[in-house]
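Worksheet: one structure, shown below.
Each reported figure results from applying straightforward, stated rules to the coordinates on display, with no laboratory input. In this text the structure is predicted, and so the values were computed from the model without any measurement. For neighbour counting, all protein chains shown are included, and Cβ atoms are generated from backbone atoms with ideal geometry for every residue, glycine included.
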Amino acid sequence: MVVVFSSNGDWWLAKSLVSGKEGYIPSTYTTRLDTLEEERHVLYSNLWFFKNLSRKETERLLLAPGNKPGAFLIRESETTKGYYKNNQKVAIKSLKEGSMPAEAFLEEANLMKQMQHSKLVQLYAVVTKDPILIVTEFMVNGSLLDFLQTDEGHRLQLPKLIDMSAQIAEGMAYIEMKHYIHRDLRAANILVSETLTCKIADFGLARIIETEYTAQEGAKFPIKWTAPEAINYGTFSIKSDVWSFGVLLTEIVTYGRIPYPGMTNPEVIRNLDKNYRMPCPDGCPIELYDIILKCWQERPEDRPTFEYLQVTLEDFYISTERQYEMQP
């Protein structure tokens, strides 16, 4: 990469020697190289900033011919990968400009600090000065939603899907015990490790509660995962998380299918007001659908606890695994 234009500023315009594309790079990451092959000095950097670049495009550029081992680039994102003590891979979540107040971002970090459990994403460090960062453990398989839609995810058999469901219920049982609510429980906010351990992430909407929490006027929620009382009245409790968990179970058993397929958010709201419930997904055992329906009881107090859901799913996993082992 060569620098096209430099100044005393922090960002210099550079051009890739491989793709020919131009972009801005941090001047602090450039260094002058003297080589036998070149008759003049050039500025070289193995770090290139792309403002609008998808993950797939990023991977394509990095795998392009001519890139040296260790080459990498930066794209605008809320979460990036880095290294912590002893070269441990970590996820670095940054405060994206205009996304939320710095106080709310640090409040999420403080909440993660208090919540320590094997089924919750672990917090390693917080940077409180600009740029504000949250450093957490890195989950190699990304979100559960994305993983379920991969070839590896599609190869998972029912017992493993139930095992993952039980793991999430275990993490939520801990949150329940701590008198917190998550408020954004869905497959996109569950991360998957290399060993297929599921951990709950994204505590940006989480709150500590006594019994229930009323959201501020104008707050936005993921409608298809949100309980009716939360949609209609902005009232959240651990029981509204249970409702969301039921929707999450449909995501798992359908390998990441969007809930209420074919329905818009307004249609979902109207149908829920008429006591509509999603039908049993194809391939979903009736025993699992019964658990899902328990999560969707109209009255929040009639919905099960996460402790109950954890135990029930663990028992169901054991019995289902035995059935699969007995098959020829």
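Tabulated data
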read-out: Extension reserve of the Leu196-Asp315 stretch, reckoned as 0.36 nm per residue once the Cα distance is removed; value: 40.9 nm
read-out: Listed residue pairs exceeding 21 Å between alpha carbons, taken from Lys113/Lys224; Lys119/Lys178; Lys239/Lys294; Lys113/Lys199; value: Lys113/Lys224
read-out: By average C-beta atoms within 10 angstrom, highest first, the peptides 138-148, 292-302; value: 138-148, 292-302
read-out: Inter-label distance, nm, simple model (7 Å from Cα along the C-beta direction), Glu307/Thr264; value: 4.4 nm
read-out: Sorted by Cβ density within 10 Å, fewest first, the residues Ser240, Ser193; value: Ser193, Ser240
read-out: Dipole of region 242-304 [Lys/Arg +1, Asp/Glu -1 at C-beta], most positive-end residue of Ile258, Asn271, Leu293; value: Asn271
read-out: Extension gain from Lys129 to Gln116, taking 0.36 nm per residue of separation minus the Cα-Cα distance; value: 2.3 nm
read-out: Qualifying chymotrypsin sites (Phe, Trp or Tyr not before Pro) for region 245-284 [loop in DSSP, other Cβ within 10 Å: at most 14]; value: Tyr276
read-out: Packing-based ranking, highest mean first, of 228-234, 124-130 given that Cβ atoms within 10 Å are counted; value: 228-234, 124-130
read-out: Cut-off 9 Å between beta-carbons: net charge of the residues surrounding Glu176, Lys and Arg +1, Asp and Glu -1; value: -1
read-out: Contour excess over end-to-end distance, with Cα ends at Asp146 and Lys294 and 0.36 nm allotted per residue; value: 50.6 nm
read-out: Residue list for region 236-264, given a label point 7 angstrom along the Cα-to-Cβ vector of Glu287 and an amide N cut-off under 17 Å; value: 253
